[in-house]
Amino acid sequence: MEETLEFAERVHGGKPQLPLALRLIRNTGVRKRHIVQPIEKTLMHPGLTERNRIYEIESKKRTPEVVEQALKNADVVARDIDAIIYVSCTGFLMPSLTAWLINTLGFPSETCQIPIAQLGCAAGGAAVNRAHDFCTAHPGSNVLIVSCELCSLCYQPDADDIGSLLSDGLFGDAVAAAVVRGNGGVGIELERNASYLIPNTEDWISYSVRDTGFHFQLDRRVPGTMEPLAPVLREFAKDHSWDVGSLDFYIVHAGGPRILDDLARFLDVDRQVFRHSWATLTEYGNIASAVVLDAARRLFEEDTLKPDATGLIAGFGPGITAEMALGRWGVETPVEMDDTA
């Protein structure tokens with residue numbers, strides 16, 4: 001945070017909007033972020049070609065380790081995977097990184113490739129939902145989710161509006177992976193998912209694609225989106241005969257402090273129920289589609305849930321889009337051997 005404030009003052013010193021931007025950055029709750037390049041290189045703009053080259057190098061360098069860890073956590077191997085969902089909105093490759101992962105890490109050539117590039121921060125929730133759909137359509141299948149968000153490669157030195165300056169102090173880089181198993185395992189047993197688009201808000205979060213790359217555009221109305229989305233979440237849970245305010249765990253996208261505070265207020269829950277999302281925001285910043293995966297990791301590591309505990313996964317992003325899922329905490333029980341068999 002200290003480095004962020006220092007470079008903002010150095011790069012944008014004397015501009016009338018700077019004091020407000022610095023105050024907003026301080027109020028993000030972000031204390032630390034990770035970036036794939038030294039900050040001196042991050043603050044330069046070598047051009048879109050070079051940035052996309054760095055994206056390709058870094059994504060191929062950093063995804064294998066988290067993929068291997070995800071497979072290990074799920075007690076599966078590469079040949080057990082039937083589909084790979086790759087989500088990223090911070091670089092572009094064609095073919096998708098899914099092809100490289102299949103060729104490099106030993107996944108079957110028949111593995112279904114599902115790249116998602118334009119759902120931004122909502123893509124983490126969308127990936128979980130599409131994995132659920134795939135496993136429902138193909139019983140017994142296993143789906144690998146990979147998120148690679150190198151947000152620092154979208155930094156625009158000349159962008160000095162309040163939204164850009166706030167984003168410069170909020171977003172971080174991250175790579176994450178998870179496996180959705182068709183059968184067995186320990187974790188969140190997905191039961192229901194849904195998508196929702198707030199009408200006529202498609203320009204509230206967007207990219208302006210220019211010669212210099214992706215220019216992130218954030219409307220000042222975005223922090224207030226939890227007011228219309230909270231009733232959607234409430235109705236979604238109600239349709240499943242659950243009370244959204246009385247669940248045992250919540251894995252929610254940490255877009256910023258007001259998003260989490262407002263959601264707690266409109267759902268009438270204690271802000272502490274979002275502690276995993278708060279921790280992600282504090283330690284990594286807004287890491288886009290990787291937030292829900294990191295928050296889920298923290299839920300696993302906390303290890304306090306009882307079997308059948310109920311919970312919500314929700315990601316929010318451009319559109320304005322909400323991707324929602326409901327599930328129970330499932331614990332794989334060992335099969336008892338019959339001594340007479």
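The values are calculated or read from the model by the stated rules, or taken from the named source; none is laboratory data. As the structure is a prediction and not an experimental result, all values here were calculated from the model. Don't worry about glycine lacking a Cβ; one is built from the backbone with ideal geometry, like all the others, and counts go over all protein chains shown. Note: areas computed on protein heavy atoms with side chains; ligands, DNA, RNA excluded. Shrake-Rupley method; radii C 1.70, N 1.55, O 1.52, S 1.80 Å.
Does Ala177 satisfy being open to solvent by less than 60 Å² (accessible area, probe 1.4 Å) and more than 30 Å from Ala8 (Cβ to Cβ)?
Details: open to solvent by less than 60 Å² (accessible area, probe 1.4 Å): yes; more than 30 Å from Ala8 (Cβ to Cβ): yes.
Spelling it out, Ala177 is indeed open to solvent by less than 60 Å² (accessible area, probe 1.4 Å) and more than 30 Å from Ala8 (Cβ to Cβ).
Considering Gly124, Gly163, which residue is in contact with a strand residue (DSSP E or B) (Cβ under 6 Å, 6 or more places away or on another chain), within 16 Å of Thr321 (Cβ to Cβ) and part of a helix (DSSP H, G or I)?
On the way: Gly163 fails: within 16 Å of Thr321 (Cβ to Cβ).
Only one candidate passes the filter, namely Gly124.
Restricting attention to segment 136-174, which residues are hydroxyl-bearing (Ser, Thr, Tyr) and open to solvent by less than 40 Å² (accessible area, probe 1.4 Å)?
Within segment 136-174, the subset hydroxyl-bearing (Ser, Thr, Tyr) is 136, 141, 147, 152, 155, 164, 167.
Across segment 136-174, the qualifying residues are Ser141, Ser147, Ser152, Tyr155, Ser164, Ser167.
If you go through segment 180-221, how many residues are among the basic types (Lys, Arg) and touching a strand residue (DSSP E or B) at 6+ places or on another chain (Cβ under 6 Å)? Lay out the reasoning, then the answer.
Going residue by residue through segment 180-221, those that are among the basic types (Lys, Arg) are 181, 192, 210, 220-221.
Filter once more, so that each one left must be touching a strand residue (DSSP E or B) at 6+ places or on another chain (Cβ under 6 Å): 181, 192.
Looking only at that region, the number is 2.
In segment 18-36, what residues are under 24 Å from Val209 (Cβ atoms) and open to solvent by 30 Å² or more (accessible area, probe 1.4 Å)?
Ile35
Here's a check for you: in segment 11-38, which residue that is under 28 Å from Glu58 (Cα atoms) and assigned to a helix (DSSP H, G or I) is farthest from the chain's Cα centre (by Cα)?
Among those residues, the one meeting the criterion is Val11.
Which residues, counting only those in segment 203-255, are open to solvent by 40 Å² or more (accessible area, probe 1.4 Å) and at positive phi?
Ser241
Hey, which of the strands (runs of 3 or more DSSP E) in segment 205-306, taking only ones fully inside, have at least 3 residues that are of a type in the set (Ser, Thr, Tyr)?
Because the criterion is at least 3 residues that are of a type in the set (Ser, Thr, Tyr), the strands (runs of 3 or more DSSP E) in segment 205-306 that meet it are 205-210.
Would you confirm whether or not segment 71-84 contains a residue that is of a type outside the set (Val, Ile, Thr) and within 18 Å of Leu150 (Cα to Cα)? Give the derivation first.
Residues of segment 71-84 that are of a type outside the set (Val, Ile, Thr), as a first pass: 71-75, 78-80, 82-83.
In the following step, the residues that additionally are within 18 Å of Leu150 (Cα to Cα) were identified as none.
Within segment 71-84, none of the residues are of a type outside the set (Val, Ile, Thr) and within 18 Å of Leu150 (Cα to Cα).
List the pairs whose first member sits in segment 97-109 and is under 15 Å from Ile85 (Cβ atoms) and in a loop (DSSP other than H, G, I, E, B), whose second member is open to solvent by 10 Å² or more (accessible area, probe 1.4 Å) and at pLDDT 95 or above, and whose Cβ atoms are under 9 Å apart, counting only residues at least 6 apart or on separate chains?
Pairs that qualify, where the first residue is under 15 Å from Ile85 (Cβ atoms) and in a loop (DSSP other than H, G, I, E, B) and the partner is open to solvent by 10 Å² or more (accessible area, probe 1.4 Å) and at pLDDT 95 or above, are Phe107/Ala78; Phe107/Arg79.
Could you tell me whether segment 154-165 includes any residue that is over 30 Å from Arg23 (Cα atoms), among the hydroxyl-bearing types (Ser, Thr, Tyr) and under 21 Å from the mean Cα position of the chain (by Cα)?
no
Report yes if some residue within segment 75-84 is in a helix (DSSP H, G or I) and open to solvent by 40 Å² or more (accessible area, probe 1.4 Å); otherwise report no.
Taking segment 75-84 and keeping what is in a helix (DSSP H, G or I), we get 78-80.
Checking the rest, the ones that are also open to solvent by 40 Å² or more (accessible area, probe 1.4 Å) come to 79-80.
Looking for residues that are in a helix (DSSP H, G or I) and open to solvent by 40 Å² or more (accessible area, probe 1.4 Å), one finds at least one in segment 75-84, hence yes.
Check whether at least one residue in segment 64-71 is free of Cβ contacts under 8 Å to residues at least 60 places away in the same chain and surrounded by 14 or more Cβ atoms within 10 Å (Cβ to Cβ), and report yes or no.
yes
Please go through segment 307-334 and pick out each residue that is part of a strand (DSSP E or B), of a type in the set (A, V, I, L, M, F, W, C) and closer than 21 Å to Leu218 by Cα.
Scanning segment 307-334 gives Ala314, Phe316, Ala322.
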